Amino acid sequence: MTSASNEAEARGEPSPPTGGTKAKKSGIGLGKYIVIRALLIIPTVFILVTTVFILMRLTGDPVTASVGGRLPPEQLAERISAAGYDRPLIVQYFEYLGNILQGDFGTTISDNIQVTELLARYGTATLELVFYALIVAFVLGIPLGMLAAYRRDHGTDATLRVLAILGYATPVFFAGLLLKLVFSVWLDWLPVSGRVTSGNQLILQGVSAPTHIYLIDALRLGNIDIVIDVLTHAVLPAIALGLLVGGVFLRLVRTNMIGTLGQDYIESGRSRGVSERRLVTKHAYRPALVPIITVMGMQIALMLGGAILTETTFGWKGLGFKLAEYLQARDFVAVQGIVVMLAVIVAVTNFIVDVVAALVDPRVRY
């Protein structure tokens with residue numbers, strides 16, 4: 001038994017199970033697990049890239065899709081030939097794979113921007129929104145999940161479970177429109193759309209070596225008014241997107257907390273007179289939070305999908321906002337590049353989450 005367990009026993013408090021005698025090791029080591037899990041990213045990304053390429057080409061070549069109805073046939077044929085889209089599809093495919101390996105995702109047709117530049121400029125905006133939304137999801141999902149477990153089968157529990165279902169079942173764009181109607185139009189408390197007011201945006205664009213994460217750029221300027229302006233613009237989009245994942249976290253924490261509260265070491269604490277509140281807030285919450293890490297990867301993918309709708313609803317100029325614009329312009333080179341990059345982000349994020357889960361949760365077998 002560890003020293004921490006001895007101290008807990010001395011206070012009459014429960015201690016988590018330590019596994020008793022040394023467990024027999026099985027499976028591969030952590031180092032090999034990380035290497036294998038990293039190598040699995042390669043076929044995952046390859047399949048995703050191939051799937052996106054084939055689906056995009058099923059609609060025809062990108063030049064015809066973008067400007068086919070606005071150019072004479074001769075000029076259209078010249079542009080298709082100049083871009084190399086009149087070559088066999090298999091040749092285009094291997095050339096596309098080669099360019100991706102060199103970090104070249106192509107150039108957009110509608111506004112002639114390198115896709116990598118597009119991703120660097122607008123991907124950071126999406127990253128900033130997802131970060132804010134995760135904060136909302138953690139702040140709402142974890143404590144309310146603990147409260148629901150603590151008040152199990154009471155009115156509070158039932159209410160929170162219904163709210164959790166509403167949180168992840170309500171379409172993001174609908175929740176966003178409701179939030180805008182109440183807090184922007186009726187109450188006039190928060191901005192309707194955008195990432196920052198026009199004047200402050202001009203100031204932020206003048207920052208040397210900008211990160212395009214407005215909060216960081218505003219902090220670098222040391223201008224508290226711009227910081228507040230950035231944060232007030234982020235409140236409603238972050239809540240709309242955060243509710244989507246917050247509801248999942250709430251139900252997950254509640255379920256795992258109830259399971260943990262039935263463990264023998266918790267029952268031991270009850271028999272020694274430890275209060276139920278202390279058992280929940282001190283001894284049961286950590287084991288209940290571990291499963292959140294294991295599902296974080298899937299929730300990141302869910303958030304990126306939700307971010308597209310959130311950015312369009314709130315005029316938040318991130319990857320989702322630009323993706324909707326390029327879809328309207330039928331710029332499939334841009335769409336293909338953005339979708340592939342989002343797929344790579346999801347694959348890498350899942351890898352990181354799996355490694356973290358293996359490090360913190362001994363129940364994860366590797």
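The values are calculated or read from the model by the stated rules, or taken from the named source; none is laboratory data. Being a predicted model, the structure only gives us computed values, none of them experimental. Because the Cβ atoms are built from the backbone with ideal geometry, glycine has one as well, and the counts that use them run over all protein chains shown. What goes into the accessible areas is simple: the full protein's heavy atoms, side chains included, and nothing from ligands, DNA or RNA. Shrake-Rupley method; radii C 1.70, N 1.55, O 1.52, S 1.80 Å.
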Inter-residue pairs, beta-carbon under 6 Å, first touching a residue at least 24 places away in the same chain (Cβ under 8 Å) and in the stretch 308-337, second open to solvent by less than 10 Å² (accessible area, probe 1.4 Å) and acidic (Asp, Glu), 6+ apart: Gly318/Glu311; Gly320/Glu311; Phe321/Glu311
Residue by residue through the stretch 219-233, note down the ones that are touching a Leu at 6+ places or on another chain (Cβ under 8 Å) and modelled with pLDDT under 90. Leu221
When you look at Met303, is it part of a helix (DSSP H, G or I), touching a residue at least 60 places away in the same chain (Cβ under 8 Å), aliphatic (A, V, I, L, M) and under 30 Å from Phe105 (Cβ atoms), yes or no? yes
Pair list, Cβ under 8 Å, 6 or more apart: the stretch 223-246 residue open to solvent by 50 Å² or more (accessible area, probe 1.4 Å), other residue among the hydroxyl-bearing types (Ser, Thr, Tyr): Leu243/Tyr168; Leu243/Thr170
Could you identify the single residue in Ala149, Ala175, Ala125 that is assigned to a helix (DSSP H, G or I) and either exposed (fewer than 14 other Cβ atoms within 10 Å of the Cβ) or in contact with a Gly (Cβ under 6 Å, 6 or more places away or on another chain) (or both)? Ala125
Does Ile352 satisfy the criteria of being open to solvent by 50 Å² or more (accessible area, probe 1.4 Å), farther than 30 Å from Arg70 by Cα, among the aliphatic types (A, V, I, L, M) and out of contact with any Gly (no Cβ under 7 Å at 6 or more places or on another chain)? yes
Among the listed residues Thr260, Thr255, Thr310, identify the single one that is hydroxyl-bearing (Ser, Thr, Tyr), open to solvent by 20 Å² or more (accessible area, probe 1.4 Å) and not in a loop (DSSP other than H, G, I, E, B). Thr255
Taking the stretch 313-349 as the region of interest, how many residues are open to solvent by 10 Å² or more (accessible area, probe 1.4 Å) and either of a type in the set (Asp, Glu) or in a loop (DSSP other than H, G, I, E, B) (or both)? 5
Quick check on the stretch 182-207: of everything there that is within 17 Å of Lys317 (Cβ to Cβ) and among the aliphatic types (A, V, I, L, M), which residue is most open to solvent (accessible area, probe 1.4 Å)? Leu202
Has the stretch 188-203 got at least one residue that is closer than 22 Å to Pro237 by Cα, aromatic (Phe, Trp, Tyr) and modelled with pLDDT of 90 or more? yes
All but one of (1) farther than 30 Å from Ile292 by Cα; (2) outside any helix (DSSP H, G or I) hold for Glu74; state the number of the condition that does not hold. (2)
